1. Name the trypsin sites (Lys or Arg not before Pro) in the stretch 330-369 that are in a loop by DSSP and that have at most 11 other C-beta atoms within 10 Å, would you?
2. Roughly how many whole Å is it from the C-alpha centroid of the stretch 193-246 to that of the stretch 252-291?
3. In nm, to one decimal, how far is the modelled label at Asp361 from the one at Asp87, with both set 7 Å along Cα→Cβ?
4. Nothing charged except the Cβ atoms of Lys and Arg (+1) and of Asp and Glu (-1): what's the magnitude of the dipole of the stretch 1-119 about its Cα centre? Round to the nearest 20 debye.
5. On the full set of protein chains, 1.4 Å probe, figure out the accessible area of Asp255 and give it in Å² to the nearest 10.
6. Please label the shape of the stretch 12-123 as rounded, prolate or oblate, based on the square roots a ≥ b ≥ c of the eigenvalues of the alpha-carbon gyration tensor (a/c under 1.5 means rounded; beyond that, a/b larger than b/c means prolate, else oblate).
7. Going by alpha carbons, how many degrees (0 to 90, nearest 10) lie between the helix axis of 199-208 and the longest principal axis of the chain?
8. I need to check one value: relative contact order of the chain, counting alpha carbon pairs closer than 8 Å and at least 6 residues apart, in percent.
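The values are calculated or read from the model by the stated rules, or taken from the named source; none is laboratory data. From a predicted model like this one, the values you see are computed outputs, not experimental measurements. Methodologically, a virtual Cβ is constructed for each residue, glycine included, from the backbone with ideal geometry; neighbour enumeration extends over all protein chains shown. Side chains are part of the model used for accessible areas, which takes the heavy atoms of the whole protein and leaves out ligands, DNA and RNA. Shrake-Rupley method; radii C 1.70, N 1.55, O 1.52, S 1.80 Å.
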Amino acid sequence: MVGTQWGDEGKGKFTDLLAKEMSMVVRYQGGHNAGHTLVVDDETFALQLVPSGVLYDHIEPVIGNGVVVDPFVLLAELDMLNRRGIDTRNLRVSGNAHLIMPYHQQLDALQERHLGKSKLGTTKRGIGPTYADKATRMGVRVQDLLDEQIFREKLAAALSHHNKVLTKVFNRLPVDPDGLADKILGECLEPLRPHIADTTDLIHTALESGQHVLFEGAQATFLDLDHGTYPFVTSSNPTAGGACAGTGVGPRHIDRVLGIAKAYVTRVGAGPFPTELFDDDGDKMVDIGHEYGTNTGRRRRPGWFDAVMLRHAVRLNSLTDLAITKLDVLDTFETVKVCVGYEIDGVRTDKLPYHQSDLHDAVPVYEELPGWRTDLSSATEPRHLPAAAHTYLELIQDQVGVPISLVSTGPGRTQFLHLS
Ligand code: IMP
């Protein structure tokens, strides 16, 4: 399951729904920069790191090797879930996942501040610096916690570099490697120990015995480090291919790729956004859709549905079907718009431009449809949708070229319908 826009499409709800048919839900990239909100029996759960399937007793939630893990955040989240009566004993964390250290978060914030007006608008969770250390072979992995000597050596090696950056570039105090090692080993090792596992083996064993496994993407297609609007992206691969690298499963094991798209678009942080709205319609989307980050509280930038982006997302992810979320947010609009192409320097194109400067200059070409002006919050079957809502969904489906299988009409667990 992958996000097809710039994140915050409402993926958590569908993971939770699909979890019923699964025995394992696996996160494959990102970290606690994600924020998945689930509403169960009027109770709201905001998850950052633990896979959404954790709310089901029959699910084995797995944090794959491609995820970056802040051990303190993970333990705090498990504690929160336990206090609310959720059993988390069967959560498994890959020994190969990389650890987000406090200095990664400090560097993330300092780098953003250093960039000034050109800042990326990261979540300051240390995601970029942790993946950078992974790539430069300076990272510390979850399995290193199990070997104190190795853990201390790796931390000291990483800090011999990062302390130079902290003190000489950013004029900050150095971090004491031994003090940090003592704190992490003292506070995190024992509570994490029972969760650390060879998750690649666990997933393959589940698949070999015919079980269903759901790979839960965080962030989204256009925040992908390779395929997104670089540099305004996250530092991992949320696209479907990332599920293979981030878990150790080959592509032939994946037989369905569900794309999650919001009925309009939002983006947090900087970067190009052709259908962005700066008018009352945009404010209305933000107000009705509560478009403020689960994680950072930032106001999300709103815009109309962009079918050009979605067509590209279909290709990048081999999407088999789509789930449209938050259709109810558009209930009160007089008209609704779908961007079906762009005009760039007066020339019409139906494809996402290859050069990013062109994306900055792209003027959306819209198809405008009458709104349905009906409260959809209790629609649970296709026949409950007014004709105008069907027309809107059909336009999206025709433009994008894959069937819409699910539509969500509110935050609650039961507020959705199967379309095909
Ligand atoms: P980072 O992932 O914290 O490095 O942030 C990089 C970019 O990705 C920023 O524009 C963030 O706002 C965006 N981003 C990261 N995680 C999410 C998410 O879960 N939803 C939406 N945007 C996100």
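1. Counting only loop positions with at most 11 other Cβ atoms within 10 Å, the trypsin sites (Lys or Arg not before Pro) in the stretch 330-369 are Lys351.
2. The stretch 193-246 and the stretch 252-291 have Cα centres spaced 21 Å from each other.
3. 6.1 nm
4. On the way: 11 positive and 15 negative charges, 84 e Å.
Dipole about the Cα centre, nearest 20: 400 debye.
5. 140 Å²
6. prolate
7. 50 degrees
8. 18 percent
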